[in-house]
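Novice: One structure coming up, written as structure tokens, with questions to follow.
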Amino acid sequence: MSENAPDDDAINAAFREAMDAGAPPSPWSMSEAELHAEVIALCKQHGIWWIHIDTPHHNKTPHLKGFPDLQLIGARRIAFRELKKERKSLDPRQTTWKYRLTAAGADWDIWRPSDLLSGQIARELAGLNHD
């Protein structure tokens, strides 16, 4: 990292400041970590239990590489969600998990910052507690 480049803490602080000021963040500048934090906050609001499989370099189980970022457990349904920055695509291992889970009838999807800002994520989380 260059000496003049902002660090992650500064970026996250600026994001939080913009959120607190009421200015909607740009979906183009939101990181996956920021999206993850916002989704977890919504999970807590909606009473959704969640499991996050940490990054592959921490997890030595080969068949879990590419597994969705979040497993979401509501009162009535379970869902798997991959979190991505705007316009970032799945890698081949993530695509394999997508097809494996959907073939088994699982609720799988990608969530991006624009889904957070549109309210789609909050609606889907609320839906996990209803039939």
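Here, each number is a calculation from the coordinates, and none is a lab measurement. Keep in mind the model is a prediction, meaning the values are calculated, not measured. Here the Cβ positions follow ideal geometry from the backbone for every residue, glycine too, while neighbour counts run over all protein chains shown.
Novice: Under 19 Å from the 7 Å Cα→Cβ point of Asp109, by amide nitrogen: which residues of the range 64-91?
Specialist: Of the residues in the range 64-91, 68-90 have backbone N under 19 Å from the label point off Asp109.
Novice: Give me, ordered by chain and number, the residues 5 or more places off Asp107 or on other chains with an amide H under 5 Å from its own placed amide H.
Specialist: Phe80
Novice: Expressed as a rounded percentage, what relative contact order does the range 30-127 have, with Cα pairs under 8 Å and six or more residues apart?
Specialist: Normalised by residue count, the contact order of the range 30-127 is 28 percent.
Novice: Determine ³J(HN,Hα), in whole Hz, for all residues of the range 26-43 in sequence, where each value follows from phi through the Karplus function 6.51 cos²θ - 1.76 cosθ + 1.60 and θ = phi - 60°; x replaces Gly and Pro.
Specialist: Result, ordered by residue: 7, x, 6, 9, 6, 7, 5, 5, 5, 4, 4, 4, 5, 5, 4, 4, 5, 4 Hz.
Novice: Binned at 5 Å from 0, what are the whole-percent values of the Cα-Cα distance distribution for the range 30-127, short to long?
Specialist: The calculated distribution, bin by bin, is 3, 13, 24, 26, 21, 11, 2, 0.
Novice: Place a +1 charge on the Cβ of each Lys and Arg in the range 30-127 and a -1 charge on the Cβ of each Asp and Glu, then give the dipole magnitude about the Cα centre in debye, rounded to the nearest 20.
Specialist: About 240 debye.
Novice: Take the Cβ-Cβ distance between Arg123 and Asp91 as r, set R0 to 35 Å, and report the resulting FRET efficiency rounded to the nearest 0.05.
Specialist: According to the calculation, E is roughly 0.80.
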